[in-house]
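Visitor: Below: one structure in structure tokens.
The values are calculated or read from the model by the stated rules, or taken from the named source; none is laboratory data. In this text, all values refer to a predicted model and were calculated from it rather than measured experimentally. Ideal geometry is used to build each Cβ from the backbone, glycine not excepted, and the neighbour counts take in all protein chains shown.
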């Protein structure tokens with residue numbers, strides 16, 4: 001069960017860690033994105049990534065490859081497969097299958113990218129360049145998986161940036177601030 005009043009899938013401790021890691025730290029966000037996309041990091045980026053603690057890596061995994069947590073607040077349980085709801089809604093099984101396969105590729109890629117980030121020696125099953133070959137016989141699945149990945153990685157980096165920039169305030173403080181701002 002979540003902590004009383006918790007409305008997000010991230011705990012207060014995790015939100016604190018997000019703020020400590022990512023607030024005003026674009027270098028980390030860009031190094032993280034570059035690493036997850038499978039690009040070679042320069043020396044500075046490598047140093048940034050290698051400096052991540054085990055707690056930070058665990059939080060990054062939770063962000064980019066979430067698993068269903070029954071203790072999550074209501075409507076905060078998620079995993080990558082849940083995004084398929086929108087994509088396959090009102091599609092036949094034949095129409096949905098390529099999207100499901102693309103999502104499976106995306107999930108496998110994210111697991112491999114995170115294992116590499118965590119220091120494991122990983123040979124990627126897929127890479128972004130191969131997924132972008134428009135003459136491949138599996139072009140629809142591959143390009144869909146590639147585009148899923150690009151969008152997913154960027155949106156999660158943006159989520160971390162947003163959460164890192166959130167103010168720590170009570171509901172009363174938020175109401176007072178908004179009322180003050182609306183009076184201007």
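Visitor: Against the condition within 26 Å of residue 20 (Cα to Cα), out of contact with any helix residue (DSSP H, G or I) (no Cβ under 7 Å at 6 or more places or on another chain) and at pLDDT 95 or above, how does residue 72 come out, does it pass? Give the derivation first.
Guide: Working: within 26 Å of residue 20 (Cα to Cα): yes; out of contact with any helix residue (DSSP H, G or I) (no Cβ under 7 Å at 6 or more places or on another chain): yes; at pLDDT 95 or above: no.
No: the conditions fail for residue 72.
Visitor: Continuing with the same structure: Taking the condition touching a helix residue (DSSP H, G or I) at 6+ places or on another chain (Cβ under 9 Å) and more than 16 Å from residue 115 (Cα to Cα), does residue 62 pass? Walk me through how you get there before you give the answer.
Guide: On the way: touching a helix residue (DSSP H, G or I) at 6+ places or on another chain (Cβ under 9 Å): yes; more than 16 Å from residue 115 (Cα to Cα): no.
No.
Visitor: How do the pairs read when you match residues in region 9-29 that are over 22 Å from residue 50 (Cβ atoms) with residues anywhere that are in a loop (DSSP other than H, G, I, E, B), using Cβ under 6 Å and keeping only pairs 6 or more apart or on different chains?
Guide: Filtered contacts from region 9-29: 9/72; 9/76.
Visitor: In addition: Counting only residues that are within 18 Å of the chain's Cα centre (by Cα), surrounded by fewer than 16 Cβ atoms within 10 Å (Cβ to Cβ) and closer than 17 Å to residue 34 by Cα, which one in region 85-127 is modelled with the lowest pLDDT?
Guide: Here the answer is 127.
Visitor: Here's something else I'd like to know. Quick one: would you say residue 57 is in contact with a helix residue (DSSP H, G or I) (Cβ under 9 Å, 6 or more places away or on another chain), closer than 25 Å to residue 127 by Cα, without any contact (Cβ under 8 Å) to a residue 12 or more places away in the chain and surrounded by 14 or more Cβ atoms within 10 Å (Cβ to Cβ)?
Guide: On the way: in contact with a helix residue (DSSP H, G or I) (Cβ under 9 Å, 6 or more places away or on another chain): yes; closer than 25 Å to residue 127 by Cα: yes; without any contact (Cβ under 8 Å) to a residue 12 or more places away in the chain: no; surrounded by 14 or more Cβ atoms within 10 Å (Cβ to Cβ): yes.
No; evaluated as a whole, the condition is false for this residue.
Visitor: I would also like to ask the following. Checking residue 9 against (1) at pLDDT 95 or above; (2) under 16 Å from residue 156 (Cα atoms); (3) in a loop (DSSP other than H, G, I, E, B), which single condition isn't satisfied?
Guide: Condition (1) is where residue 9 drops out.
Visitor: Given the criterion under 30 Å from residue 48 (Cβ atoms) and assigned to a helix (DSSP H, G or I), identify the matching residue among 106, 120.
Guide: Details: 120 fails: assigned to a helix (DSSP H, G or I).
When all the criteria are applied, what remains is 106.
Visitor: When you go through (1) at pLDDT below 95; (2) loosely packed, with under 13 Cβ neighbours inside 10 Å; (3) under 22 Å from residue 19 (Cβ atoms) one by one for residue 135, which number turns out not to apply?
Guide: Unmet for residue 135, out of (1) at pLDDT below 95; (2) loosely packed, with under 13 Cβ neighbours inside 10 Å; (3) under 22 Å from residue 19 (Cβ atoms): (3).
Visitor: Applying the selection to region 31-45, what residues are touching a residue at least 60 places away in the same chain (Cβ under 8 Å) and assigned to a helix (DSSP H, G or I)?
Guide: Scanning region 31-45 gives 32, 33, 35, 36.
Visitor: Ok, one more. Among the residues that make up region 23-34, is at least one of them modelled with pLDDT under 95, over 17 Å from the mean Cα position of the chain (by Cα) and more than 19 Å from residue 157 (Cα to Cα)?
Guide: There is no residue in region 23-34 that is modelled with pLDDT under 95, over 17 Å from the mean Cα position of the chain (by Cα) and more than 19 Å from residue 157 (Cα to Cα).
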